[in-house]
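Below is one structure, written out as structure tokens, with a few remarks after it.
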Amino acid sequence: MNLVVVSNRVSRGKPNEPMTGGLAAALLPIVEKSGAIWVGSSGRVRDGNQKEPFAEVEALGAGALAMLDLPAAHYGGYYEGFANSALWPALHSRADLIRATQEDYLSYREVNAFMARALLRFRKTDSAFWIQDYHFLALGAELRDLGVTEPIGFFLHTPWPSRSVIGGVPHHRELIEAMLAYDLIGFQTDEDCENFLSYAQSDLGLVVHGGVVVSRYGRTRAAVFPIGIDPGQFAQLAAKASTHPDVSRLRRSLNGEKLAIGVDRLDYSKGLINRIKAFDRMWTLHPSLARTASLLQIATPSRGAIEAYGNLQSEVARLVSDVNGTHGEVDWTPIRYLNKGYGQAVLAGLYRTAQVGVVTPLQDGMNLVAKEYVAAQNPVDPGVLVLSKFAGAANELDTALLVNPHDIDSMARTIAIALSMPLTERRMRWEAMMAKLRGHTIQQWFADFTDALRECQLDREELAPVVTEPALWPVRSATNGGARYH
């Protein structure tokens, strides 16, 4: 199988460069070792029609990276507009934050169509396409419209919400019908998969049996493939990072006090406000922890042009300042708050230094930070993971201290428990979590998905199309800005 992996952005992923998200960290080793081609945006845009999409290709181990300049006229509406102001809040069950215009939707569809045209240059007789994440829900349908008959799979890294929430997204029906052009749709958790199948059956009125949806495209299988990491490699990074200057300075600065760490993109789904309030409450309920336990919160800014993100950045900064002003001393800062990213190697060392990892999103597809924190620990003296029960990782890491991120007092008490947990219990919990990580690695995720995609294609070839109908979206004339979709 000649695999073409597609995502919104491509990361070159040098070890000391900051990663913008879990998807990049997950895909890089796969591409490097499997020989896949990873196609995505270069981060640049171009004016003009771009009838022939331009791709810059470079080698990455056995594989390759192909970076496209996306059309300037549509990028803003596609990325900041529909993808991150309509789909992202809906997928994280924040229907109150959904914002989208008709123009945003048209731009989203145009970029999906543009990417489909670009992918044709990488198509071979034995190709398979693996599309990643919510930026490209309609890409499979666009590829089918261009005559692609090869296997096309899709994996969603975010949660998939209930029918009522996804129903708040403009054009939700068209988008989900378009998703059924995929042979295989992968989700992080059983709940995500069940929510999707429920929509297909109840809202689209389609036949659903055994995780297979029958539509005008044929058969689409929906299944669960929880994403993992390479725990052995991450443990090695953590052990080596002890001598890194950033890690050494942090350790020296602690003066024997215990450290909790949080590492997140600055996003409303990550629960940063509630987390900081929980630490505030902890120091109030347990004044003995003042000067003996602090928080290092790394929060990398993103999507600053979107109002909800700008407001969040201001609110988090104000809250950190208030908490430090209340509990701090002239020689002690309760919360060290950093708005910059770190490479995987440094992060591994920071995780290993911290006695508590705090991963408390309000909603998250998986959250690889939780898995990385566990893998980075010293087996002789491991730290404790405090984990939101609303992160996909909680389904596997069930010996973490699971919390409800909306219950501030309970979170405060749980963090205090984590800071004082005896070594025997810490080891027991850590060993159980490491066993889960070793059994569900990133390599296993890749193999499971690609094997399932091959099986789906064999099923497709054995069965004739269920219904032959026209394309889902009537083609418009070139007027109205060239938009193709209603």
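The values are calculated or read from the model by the stated rules, or taken from the named source; none is laboratory data. Computed from a predicted structure; not experimentally measured. Note: ideal-geometry Cβ built from the backbone for every residue, glycine included; neighbour counts use all protein chains shown. Keep in mind that these areas ignore ligands, DNA and RNA; they rest on the heavy atoms of the full protein, side chains included. Shrake-Rupley method; radii C 1.70, N 1.55, O 1.52, S 1.80 Å.
Some values worked out for this structure:
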{"item": "Segment 339-397 - Rg and Dmax from Cα coordinates, angstrom", "result": "11.4, 32"}
{"item": "Dipole magnitude of the chain, debye to nearest 20 (Cβ charges: Lys/Arg +1, Asp/Glu -1, about Cα centre)", "result": "1000 debye"}
{"item": "Residues of segment 350-443: accessible area per residue with a 1.4 Å probe, Å²", "result": "35 Å²"}
{"item": "In segment 28-116, the trypsin sites (Lys or Arg not before Pro) that fall in loop regions by DSSP, at most 12 other Cβ within 10 Å", "result": "Lys51"}
{"item": "In degrees, nearest ten, helix 231-240 long axis to first principal axis of the chain (Cα)", "result": "40 degrees"}
{"item": "Estimated translational D of segment 285-352 in µm²/s (Stokes, Kirkwood radius over Cα pairs; 10 °C; 1.306 mPa s)", "result": "115 µm²/s"}
{"item": "Percent carbon-and-sulfur accessible area, the chain, ignoring ligands, DNA and RNA, probe 1.4 Å", "result": "50 percent"}
{"item": "Amide hydrogen neighbours beyond the local backbone of Val224, cut-off 5 Å, H modeled", "result": "Phe187"}
{"item": "Positive-pole candidate from Val359, Ile261, Ala241, dipole of segment 230-368, charges at beta carbon", "result": "Ala241"}
{"item": "Neighbour net charge for Leu156 - beta-carbon separation under 9 angstrom, K R +1, D E -1", "result": "-2"}
{"item": "Tail beyond 43 Å, pair distance distribution of the chain (Cα, percent)", "result": "16 percent"}
{"item": "Computed [θ] at 222 nm, deg cm²/dmol, the chain (DSSP H ≥ 4; -39,500 (n - 2.57); rounded to nearest 500)", "result": "-12000 deg cm²/dmol"}
{"item": "Length added when fully stretched, Ser198-Asp96, from 0.36 nm per residue minus Cα-Cα", "result": "34.5 nm"}
{"item": "Segment 183-282 - accessible surface per residue (Å², probe 1.4 Å)", "result": "40 Å²"}
{"item": "D (Stokes-Einstein, µm²/s), Kirkwood Cα radius, segment 327-425, 1.306 mPa s at 10 °C", "result": "110 µm²/s"}
